[in-house]
Amino acid sequence: MRRAGIGPRIGPFLLLLPALLLAGCVAQRGGDVVQEIPPPVEDARDDGAELARMLAFYARARQLTGPELAREQENVRRALARSRTDLNRLRYALLATLPGAAPGDEARALEVLEPVTRSADGGLRGLALLMTAFLQEQRRLEAGTQGLQQKLDALMTLERNMTGREGGAPRKK
């Protein structure tokens with residue numbers, strides 16, 4: 001009596017098939033399979049205190065009202081003019097991200113952050129890189145918003161011109 005299914009010749013081949021496929025993959029990659037291990041994340045030395053101070057500064061600045069925020073922005077601008085430390089640069093940039101900041105502050109903040117992002121030993125470099133990415137994305141979104149607003153304005157003008165040609169007749173619904 002013969003069993004239905006895989007024949008006696010094909011069975012051993014199917015067992016060897018996964019091994020042959022894996023061997024072929026290794027041969028294609030060039031032999032040894034070496035897994036890349038990312039470098040370890042740098043330990044936060046005493047830079048954690050600076051980072052905590054910056055986050056506390058940002059949390060406090062978010063609570064300020066219009067005139068208080070303007071006064072704080074002026075104080076930070078003056079501090080930056082006196083001393084161009086990483087902390088002062090980051091404070092200036094953090095305030096530029098808040099609602100109510102002057103439109104040109106974003107570009108200036110990106111300029112001010114550049115030395116911090118290039119420093120290899122700065123403890124606040126990670127925050128500066130994050131803020132730079134945030135500010136660049138914010139600028140990109142604002143440019144897109146302006147483009148969409150221009151298109152909307154053009155469509156509204158076109159609609160007004162079209163309804164004006166119809167002799168002021170009400171639009172059909």
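The values are calculated or read from the model by the stated rules, or taken from the named source; none is laboratory data. Note that this is a predicted model, so its numbers are computed, not measured. Note that we place each Cβ from the backbone using ideal geometry, even for glycine, and neighbour counts take in every protein chain shown. These area figures cover heavy atoms from the full protein model, side chains too; ligands, DNA and RNA do not enter into them. Shrake-Rupley method; radii C 1.70, N 1.55, O 1.52, S 1.80 Å.
A few points about this structure:
- Calculated from the alpha-carbon coordinates, segment 46-173 shows an Rg and a Dmax of 21.5, 74 Å respectively.
- Figure note: 156, 131 ranked by solvent-accessible area, largest first, 1.4 Å probe, ligands and nucleic acids not counted: 156, 131.
- Sorting the segments 85-98, 61-74 by their mean number of nearby beta carbons within 10 angstrom, highest to lowest, gives 85-98, 61-74.
- If you take all other residues with their beta carbon under 12 Å from the beta carbon of residue 73, and give Lys and Arg +1 and Asp and Glu -1, the sum is +1.
- Seen from residue 118, the other residues with C-beta closer than 12 Å to its C-beta sum to a net charge of -1, counting Lys and Arg as +1 and Asp and Glu as -1.
- Other residues within the sphere of radius under 9 Å centred on the Cβ of residue 106, judged by their own Cβ, net out at 0 (K and R +1, D and E -1).
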